[in-house]
Amino acid sequence: YTGNGNANGTFVYTGFKPVFVMIKSSSNASTHWVIKDNKRSGYNVVNNNLYPNLSDAEDNVASVYTDLLSNGFKLRGTYSGTNASGYTYIYMAFAENPFVTSSGVPATAR
């Protein structure tokens, strides 16, 4: 996705409700990986942040806030590692219920 640099940040459509999202700027190598999940705070705005490439403790810096939604996630902060204007980001997301297709149809065995 591409960041927009404001607190009403970019919405990223995943087609499922993410339980875990890890984000990294591919435009700026000096930024850190950021992990957001629905287990530690349990509600939106998800304000608990983990940085897997650092030895830092969990923090709750407002510029990294994120909403985990039923069909994707929305950035609520301006941190350059997740939502700088014009930056490109890569992410990995895991679904809360991975056995449903993006159109909501239960997956079946082959």
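Structure above, values below:
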quantity	calculated
Accessible area of ARG40 in the full protein assembly, 1.4 Å probe (Å², nearest 10)	80
Spin-label model distance (nm) - TYR43 vs PHE99, 7 Å beyond Cα toward Cβ	3.0
Space enclosed by the convex hull of the alpha-carbon atoms of the chain, per residue, Å³	111
In Å², nearest 10: area of THR78 left accessible to a 1.4 Å probe	70
Summed residue charge, Cβ within 15 Å of ALA93's Cβ, Lys/Arg positive, Asp/Glu negative	+2
Solvent exposure of region 1-86 as accessible area per residue, Å², 1.4 Å probe	46
Protein accessible area in the chain, 1.4 Å probe - carbon and sulfur %	55
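The values are calculated or read from the model by the stated rules, or taken from the named source; none is laboratory data. Small disclaimer: the values here were computed from a predicted structure and weren't measured. Reconstructed Cβ throughout: ideal geometry from the backbone, glycine too, with neighbour counts over all protein chains shown. We work out accessible area using only protein heavy atoms, side chains counted, and drop any ligands, DNA or RNA first. Shrake-Rupley method; radii C 1.70, N 1.55, O 1.52, S 1.80 Å.
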